[in-house]
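K.L.:
Below is the structure I would like to discuss, written out as structure tokens.
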Amino acid sequence: MSQVEVEDFRDDLRHYRKIHASLQNWSDAFAAEHAGRRPGKADVLATRIPWLIDSYSEYSVLKRKLLVRTASLRGALASSARTGLVA
């Protein structure tokens, strides 16, 4: 994995954390009103709140993207460690 790919991953991770933090208050309030159940996509869509729907959609896309790239990044780091490129 190149340095550019690592930086892109870091940027996406920062953005993911920012969106997650912005959704946290709403998600906590939803859980409090629904016996601890966390909101899903259908719950978010049912609100018809544009910023919430957009943020949740972006959050979901970034989460999936980061999960896939995390596995790739770990594999690349492990491979580098085996070949002596990473201390």
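The values are calculated or read from the model by the stated rules, or taken from the named source; none is laboratory data. Just so it is clear, the structure is predicted and the values come from calculations on it, not from any experiment. When we count neighbours, we look across all protein chains shown, and the Cβ atoms used for this are built from the backbone with ideal geometry, even at glycine.
K.L.:
Does I19 count as among the aliphatic types (A, V, I, L, M), surrounded by 12 or more Cβ atoms within 10 Å (Cβ to Cβ), out of contact with any Phe, Trp or Tyr (no Cβ under 8 Å at 6 or more places or on another chain) and at pLDDT 95 or above?
P.N.:
For I19, the condition - among the aliphatic types (A, V, I, L, M), surrounded by 12 or more Cβ atoms within 10 Å (Cβ to Cβ), out of contact with any Phe, Trp or Tyr (no Cβ under 8 Å at 6 or more places or on another chain) and at pLDDT 95 or above - is not met.
K.L.:
Output the residue which, of all residues in segment 10-48 that are in a loop (DSSP other than H, G, I, E, B), more than 29 Å from S72 (Cα to Cα) and small (G, A, S), is nearest to the chain's Cα centre (by Cα).
P.N.:
Filtering segment 10-48 for residues that are in a loop (DSSP other than H, G, I, E, B), more than 29 Å from S72 (Cα to Cα) and small (G, A, S), the one nearest to the chain's Cα centre (by Cα) comes out as G36.
K.L.:
Hey, could you check segment 55-85 for residues that are polar (S, T, N, Q) and modelled with pLDDT under 80 and say which is nearest to R17 (Cα to Cα)?
P.N.:
S72
Rundown of residues vs (1) out of contact with any helix residue (DSSP H, G or I) (no Cβ under 9 Å at 6 or more places or on another chain); (2) of a type outside the set (D, E, K, R), yes/no style:
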position	(1), (2)
E7	yes, no
A31	yes, yes
R38	no, no
I49	no, yes
S72	no, yes
